[in-house]
Amino acid sequence: MQSRTRIAAVLLAAVLAAALLAAFFAASCARRPPAPSPSPGPPVAPAPAARFTPLPPTKTEGCRMQGVLPDPACTPGAVMPLSVDEVCNTSTKGRRNVTSAMKKKVYAAYGVPRPQPSGAYEVDHFVPLELGGSNDLANLWPEPASPTPGFHQKDCVEDYLHAQVCTDHTMSLGEAQQAIATDWLNVFTTKARQTSIGHCKSYGR
């Protein structure tokens with residue numbers, strides 16, 4: 001009988017000890033401050049839009065037109081470091097800066113005699129001002145009006161691509177610059193001439 005009493009006492013003591021231990025751990029956890037949440041890292045800037053980066057010119061004389069394109073060794077194109085907002089929302093008048101002396105150099109580089117009949121040629125910005133083109137000589141060439149397609153048709157492409165960047169938002173600025181410098185005639189025949197944007201109205205849908 002005494003043995004059973006002792007066993008019961010031991011079991012009761014064990015149960016009480018376990019209960020006290022559980023209560024201690026519960027109180028300890030309640031007093032412990034919550035772990036701080038991880039602090040957010042610095043904001044990640046969006047990747048910049050790809051820019052058109054033409055190669056520098058390798059010659060300044062003996063230039064020859066390549067069909068409807070200028071000589072890539074003389075006129076690879078050049079762009080200003082402008083944002084899309086500047087290209088879309090500011091006038092090109094404030095960016096245009098081509099002097100008479102620069103025009104003489106452009107005609108001489110391509111061996112085009114001067115003077116020419118009015119409207120026969122224009123000193124064209126290969127990458128146009130309305131797409132962020134530069135006034136650098138690397139971006140200027142004497143573009144003829146005829147045989148067509150000539151500078152009038154390229155004006156249509158310039159207006160069309162500007163609208164894709166600034167109005168329709170279907171192209172990045174770099175993509176539009178690349179398109180006109182690579183093969184503006186393809187843009188004219190496959191897309192621009194079917195629209196009524198700007199100078200393209202002359203060709204209709």
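Every read-out reported here was derived from the displayed coordinates using simple, explicitly stated rules and does not represent laboratory data. Just so it is clear, the model here is predicted, and its values are computed rather than measured. Note: ideal-geometry Cβ built from the backbone for every residue, glycine included; neighbour counts use all protein chains shown.
Couple of notes before you dig in:
- Normalised by 2.2 N^0.38 Å, with N the number of residues, the alpha-carbon radius of gyration of segment 73-205 equals 1.03.
- Model label points for Glu175 and Lys93, set 7 angstrom from Cα along the Cα-to-Cβ axis, are 3.2 nm apart.
- Residue separation of Leu55 and Ala73 scaled by 0.36 nm, minus their Cα-Cα distance, works out to 5.6 nm of gained length.
- Exposure proxy shown here: for Glu122, Glu130, Glu61, the number of other Cβ atoms within 10 Å sets the order, fewest to most, as Glu61, Glu122, Glu130.
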